[in-house]
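Q: Have a look at this one.
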Amino acid sequence: MKKTIGYYAGIDSGGTKCEIIITDTDKKVIYLNSFKGIHYSVAGVRLYTDTVSDYIIKAFKKCNLDLKECKGIGIGIAGAREESDRKKLQSSFRKKLGYNYIHIHTDALTALYGAFEGEDGIILISGTGSVLYGLVNGKITRVGGWGRIIGDEGGGYWIGKRALNLLAKEFDKGNDVLLAKELKAEFGIDKNNLNDRIFHQNFDIQKITPVVIRSAEQGCKLSLQVVSEAVKDLTEHIRTFLSITGVRRKIRIAFIGSVIENKNFLSDQLNIEIKKIKNVEVVIKKHKPSFGAVLLASENSTGKK
């Protein structure tokens, strides 16, 4: 690969994946790849920094790029909500990589910058968890995102858990529902092994979400109830955001995350409900969150913020 002098790197890092993008100074993509996810809140500063730094070094080597010629690296990190966390991470990365122009952000900010190139807008995220972030007049407002134990309504884990909750009631009644047949076919889960799979085999509950959505589309009443509740809760995030920010003008919203980013029965129902909110327009995000990190790195490349 031809050596490039002067470039930016952006990282979007969460529990599912760690995506790295490298561009030249004109923001033309040189490199894009995903590595195994690592969540900062679980791993802690040292392990997290060591792991992601190794990913960065591998990306540089793959492109035959010299870190010293990089103009800036932006990293959007899930779980790094507090400024104190971001300062610790920035210091740790600088020491690990021997490089100063590293800018640590929340994954929300990088996602917003990627979606709207720094302009006002809303991102509604539904992957394993769920949360809404809106950028208005330079201020970010968050709604939801309280974690899978007490919140994250409409996210993949919540959908899976709610579906299993309702399914267990149907098992008690001796009812045969479509979702039960689909879960048996897809994962081998049935009434007899449900508890063992969840509590002893650590089955990832969010994995059944696509099955719930497909079953809803096929008319499964139980699955339709779960999808309806998920759509209602996600839409409520938007209404709450509009209420607390007082936004009256038209504002764009983009979907992010495995549950709603791609067209499916749930995302279609969500679109229908959002259309009832007069001043919100659903749009396709302009760029990936990792590219948003590149844009932020470019903006901050003149200093060591």
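Values quoted throughout were computed directly from the atomic coordinates according to the rules given, and no laboratory measurement underlies them. This one's a predicted model, so the numbers in the text were calculated from it and none came from an experiment. In this analysis, Cβ positions are derived from the backbone assuming ideal geometry, glycine residues included, and neighbour counts consider all displayed protein chains.
Q: Using R₀ = 22 Å, calculate the FRET efficiency as 1/(1 + (r/R₀)^6) where r is the Cβ-Cβ separation of W146 and N195; round to 0.05. Could the numbers behind the result be given before it?
A: On the way: r = 26 Å, r/R0 = 1.20.
Once the sixth-power term is evaluated, E becomes 0.25.
Q: Related question: I want the local charge near G154. Using Cβ-Cβ distances under 11 Å, sum +1 for each Lys or Arg and -1 for each Asp or Glu among the other residues. Intermediate results must be reported in sequence, preceding the final value.
A: On the way: positive: R162, K232; negative: D152, E153, E229, D233, E236.
Local charge sum for G154: -3.
Q: Run lengths n ≥ 4 of DSSP H only: what is the helix-derived mean residue ellipticity at 222 nm for the chain, with -39500 (n - 2.57) per run over all residues, to the nearest 500?
A: That calculation yields -14000 deg cm²/dmol at 222 nm.
Q: Would you mind calculating the relative contact order of segment 124-283 from Cα pairs under 8 angstrom and at least 6 residues apart, reporting the percent as a whole number?
A: In percent, rounded to a whole number, it is 27.
Q: I need the peptides 121-132, 56-67, 11-22 ranked by packing, meaning the mean over residues of other C-beta atoms within 10 angstrom, with the highest value on top. If you can, show how the numbers build up before the last one.
A: Values: 121-132: 25.9, 56-67: 15.8, 11-22: 23.1.
With the highest mean Cβ count within 10 Å placed first, the list reads 121-132, 11-22, 56-67.
Q: Report the gain in length on full extension from K276 to K184: 0.36 nm times residue separation, minus Cα-Cα distance, nm rounded to one decimal. List each step's numbers first, then the result.
A: Details: separation 92, 0.36 × 92 = 33.12 nm, distance 3.73 nm.
In short, 29.4 nm is gained.
Q: To continue, here is another question. Work out, step by step, the length gained on full extension between D24 and S243: first 0.36 nm times the residue separation, then minus their alpha carbon distance; give nm to one decimal.
A: Working: separation 219, 0.36 × 219 = 78.84 nm, distance 4.09 nm.
Using 0.36 nm per residue and subtracting the Cα-Cα distance, I get 74.7 nm.
Q: Only one of the listed values, (i) 22.1; (ii) 17.1; (iii) 14.3, was derived from the coordinates as mean projected area of the Cα convex hull in nm²; which label is it?
A: (ii)
Q: Can you give me the Cα centroid spacing of segment 258-305 and segment 143-183 in angstrom?
A: 26
Q: In which sequence would Y8, Y157 go, from the one with the fewest C-beta neighbours within 10 Å to the one with the most? Please list the in-between numbers first.
A: Working: Y8 25, Y157 21.
Fewest to most other Cβ atoms nearby, the residues stand as Y157, Y8.
Q: Going highest first, how would you order 181-190, 76-85 by mean Cβ packing within 10 Å?
A: Values: 181-190: 14.8, 76-85: 18.2.
My ranking of the peptides, most packed first, is 76-85, 181-190.
Q: Which whole-number percent gives the relative contact order of the chain, counting Cα pairs below 8 Å spaced six or more residues apart? Don't skip to the answer; put the middle values down first.
A: Values: 579 pairs, mean separation 70.8, N = 305.
The value is 23 percent.
Q: So, in nm, how far is label E119 from label S34 when the simple model puts each one 7 Å beyond its Cα toward the Cβ?
A: It works out to 2.8 nm between the two label points.
Q: Using 0.36 nm times the number of residues separating K250 and S228, minus their current alpha carbon distance, what extension gain do you get?
A: Details: separation 22, 0.36 × 22 = 7.92 nm, distance 2.56 nm.
So the extension gain works out to 5.4 nm.
Q: Based only on the alpha carbon positions, what is the Kirkwood hydrodynamic radius of segment 124-283, in angstrom?
A: Details: mean 1/r = 0.0608 Å⁻¹.
Averaging 1/r across every pair of different Cα atoms and inverting gives 16.4 Å.
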